[in-house]
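Chemist: Have a look at this one.
The values are calculated or read from the model by the stated rules, or taken from the named source; none is laboratory data. If you're wondering where the values come from, they're calculated on a predicted model, not measured in any experiment. Please note: Cβ atoms are built from the backbone with ideal geometry, for glycine as well, and neighbour counts cover all protein chains shown. With ligands, DNA and RNA removed, areas are computed over all heavy atoms of the protein, side chains included. Shrake-Rupley method; radii C 1.70, N 1.55, O 1.52, S 1.80 Å.
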Amino acid sequence: MESTIWFEIAIVSFLVAIGNIVLGHFEEGTPIWRRVLKFLIFLTLLSLISAYAGRVWFFAILGAIAVGVGVIHLWWLPSKGINGWTGEPKDKYRQLRGWNNLD
């Protein structure tokens, strides 16, 4: 049985593209090299999981990551007084991330 992971690579790339479009303002202070490295690490790890553990585990891990992102944006950020969708108030979010000197 031949195992190809092009589908998983396409899914991860699509989700990262949509995530950057919709939620990219949460990473405004992160250096580009670090954002690219994060993408490559996630793509590599998820591809290896798919290749060696199977597509079911790939989707299970992807689902767990989605739940983690949901917890951060829907519970943890609001518990700190920050809107999980807009990142406002910006000064409070920048302080939380350690980006006090962006302006």
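Chemist: For region 3-12, does any single residue satisfy the condition of being open to solvent by 70 Å² or more (accessible area, probe 1.4 Å) and among the small types (Gly, Ala, Ser)? Steps first, answer last, please.
Modeler: Within region 3-12, the subset open to solvent by 70 Å² or more (accessible area, probe 1.4 Å) is 3, 6-7.
Cutting the leftovers down to among the small types (Gly, Ala, Ser) gives us 3.
Within region 3-12, one or more residues are open to solvent by 70 Å² or more (accessible area, probe 1.4 Å) and among the small types (Gly, Ala, Ser).
Chemist: Just to check your reading of the model, which residue among Gly70, Gly81, Gly63 is at positive phi and without any contact (Cβ under 8 Å) to a residue 40 or more places away in the chain? Steps first, answer last, please.
Modeler: Values: Gly70 fails: at positive phi; Gly63 fails: at positive phi.
Step by step, each of Gly70, Gly81, Gly63 is checked, and only Gly81 is at positive phi and without any contact (Cβ under 8 Å) to a residue 40 or more places away in the chain.
Chemist: I've got another one for you. Please work out if Val22 is open to solvent by 90 Å² or more (accessible area, probe 1.4 Å) and not basic (Lys, Arg).
Modeler: Numbers: open to solvent by 90 Å² or more (accessible area, probe 1.4 Å): no; not basic (Lys, Arg): yes.
So Val22 does not fit the description; no.
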